[in-house]
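Before any comments, here is the structure.
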Amino acid sequence: MPLFQDPLDLWLDVLGTTLLATAYWLCLNFASKAPIGAKQAFNKSFGYFYIALGIYALASGLWATATWPFPSSYNLVFSDSWPLFGISLLILGLANIKAEVAGEEGVHYVRGALAGVAALSLVPFVYAFDIWSYGLTNEPALAGLLFFAIGLAGLLSPLLTHKKAAKGIAYLLMLLLVVAGLISLLIGVEAIFAHTKAWWSWTPWYGAH
């Protein structure tokens, strides 16, 4: 019981800021006229951010998958999705770093990474309909839209490597990620206050000192 939903507010806030940061990454690489050198430098440093956060998300997600800290079906929707988010970040982080080193051949690293992200994105896409079907969370409409937007963005992401479609797809993905990021932050910030209030009087089994 002490594990009940403690990490979820943090996960949602981290998810929200990461989605917004990724929307900026899309804007810089596919919609801006920034110099190539500036893009490469940003991508390399951003790749390290992805890797660091990916390690945390994967580790905490595997812990949640093993311990089921949430009530009932929430463990399937949240605990199973979070480590996949971590794996996606690790893939993107490594691709950003390798692409910067590989130069013109770097597009192949990005294409492979996005194909992997697309494969993993089917899970949150399906979970969106699961949330809507069973009315999970206090905000099922928004929570379902959050999963739907993330899943759809991931499924469409390989199209970024096709030059003719890249810019249009980038704008669509930016819209999906911004919407998902804002929803995640909205629910996450609300959860911080709700969980803090709910656990106000809780003490560990050995007592408070």
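Before moving on, here are some points about what is shown:
- Candidates 93, 86, 116, 54: the one that is in contact with a Phe, Trp or Tyr (Cβ under 6 Å, 6 or more places away or on another chain) and of a type outside the set (D, E, K, R) is 93.
- Qualifying residue in the range 119-128 (condition: in a helix (DSSP H, G or I), more than 25 Å from residue 27 (Cα to Cα), under 18 Å from the mean Cα position of the chain (by Cα) and of a type in the set (Phe, Trp, Tyr)): yes
- Test: residue in the range 133-142 that is touching a residue at least 24 places away in the same chain (Cβ under 8 Å), buried (at least 22 other Cβ atoms within 10 Å of the Cβ) and closer than 25 Å to residue 12 by Cβ: no
- Flag if residue 166 is part of a helix (DSSP H, G or I), surrounded by 17 or more Cβ atoms within 10 Å (Cβ to Cβ), small (Gly, Ala, Ser) and out of contact with any Cys (no Cβ under 8 Å at 6 or more places or on another chain): no
Read the figures in this text as sums done on the coordinates, not as results from a lab. Since this is a predicted model, take the numbers as computed values, not measurements. Heads up, the Cβs are rebuilt from the backbone with ideal geometry, glycines too, and the neighbour counts pull from every protein chain shown.
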